[in-house]
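Trainee: Have a look at this one before I ask anything.
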Amino acid sequence: MSIWKKDSYIVAAAPAFVFLSVYFYEWGRYNFYKVPSIFISLPTTRVLMAGMAIAFFFAMLFGFVRGILRRMRSAGVVLSIFSSFLVSYLLFGLPFALISVSKHALLSTFIFPIGFMGLMALDTLATRLDKKDGGQSQAGELKSPGDKVGDPPLGLGGIAFIFVYGLFLISCFGNGQERMLRGNVCYGDKIVVATYGDQMILKVADKQTGVLSDSVYFHPLEGAELASCNPSIEGGGGFHGWPFNKAFDEDRGNSKVTKSH
């Protein structure tokens, strides 16, 4: 009966997670372009299509992590240590790698996973030494490779962690996509970020440095002549490396809103 209760909680939280995941993805994009999040608009079709893509991605990601965690319990020392590094980087390194603003920031995302891998290596070696010192009686209790390894219990705290971590990772994907993939739609010399009702949200980047201005411009969508462009952009909030003193730009909320003519 408890399993049905747990599944019912997941089903009940799924619609909220889908909506919030699309919102946080857009929040990551807007954070890059230094546009206030108050202008985020989520049409129903966008929520449905993006929500399905995000749900598929997370099913694949957590299925992959779950498979690694299950293998770690019966794997050898080297494979177990490498698996711990891979899992820790996927959970705590990948989000910051997506929003890294420099090579220094990207390299610093390996600090925590490498440290965690070192701790796991010491713990694994100590555990195996203790089992060897325990004699045949303790060795006989070890699981054979054919034994089934169950999944660790997933309580309310685990579900809450997955929920919060998932939203954070999605926002990093939204920011990282704009940071790594270039290809925009422009209206004249302005970059089209998104639409807000029947208005386009526009930003201007310095032609020499590529730094985005703090101003936000609006222009009616009807009758506007748009063209594909590939500008060089130095975006907003991102990860600056460990130890960091500026994880996200603070001027995002101080953007100036003006009307385009």
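Trainee: I need 207, 34, 190 ordered by Cβ neighbour count within 10 Å, fewest first. Mind dumping the intermediate values first?
Mentor: Working: 207 9, 34 23, 190 19.
Fewest-to-most ranking of 207, 34, 190: 207, 190, 34.
Trainee: At R0 = 30 Å, how high is the FRET efficiency between residue 59 and residue 164 if r is their beta carbon distance? Nearest 0.05 is fine. Kindly include the intermediate steps, with their values, before the conclusion.
Mentor: Numbers: r = 18 Å, r/R0 = 0.60.
So, using R0 = 30 Å, E works out to roughly 0.95.
Trainee: Sticking with this one: Could you compute the net charge surrounding residue 186? Neighbours are other residues with a C-beta less than 14 Å from the C-beta of residue 186; K and R count +1, D and E count -1.
Mentor: Cβ neighbours under 14 Å give a net charge of +2.
Trainee: So between residue 196 and residue 102, what do we pick up on full extension, going 0.36 nm a residue minus the alpha carbon distance? Before the final figure, lay out each step's value.
Mentor: Details: separation 94, 0.36 × 94 = 33.84 nm, distance 3.17 nm.
So the extension gain works out to 30.7 nm.
Trainee: While we're on this one: Starting from the Cα of residue 227, step 7 Å along the direction of its Cβ; do the same at residue 92; then give the gap between the two resulting points in nm.
Mentor: Here the answer is 4.9 nm between the modelled labels.
Trainee: Order of 45, 109 from fewest to most other C-beta atoms within 10 Å?
Mentor: Working: 45 8, 109 21.
So the residues, fewest neighbours to most, are 45, 109.
Each value in this text was obtained by applying a stated rule to the coordinates, not by laboratory testing. Quick caveat: nothing in here was measured; it's all calculated off a predicted structure. Glycine gets a Cβ as well: all are built from the backbone with ideal geometry, and neighbour counts include every protein chain shown.
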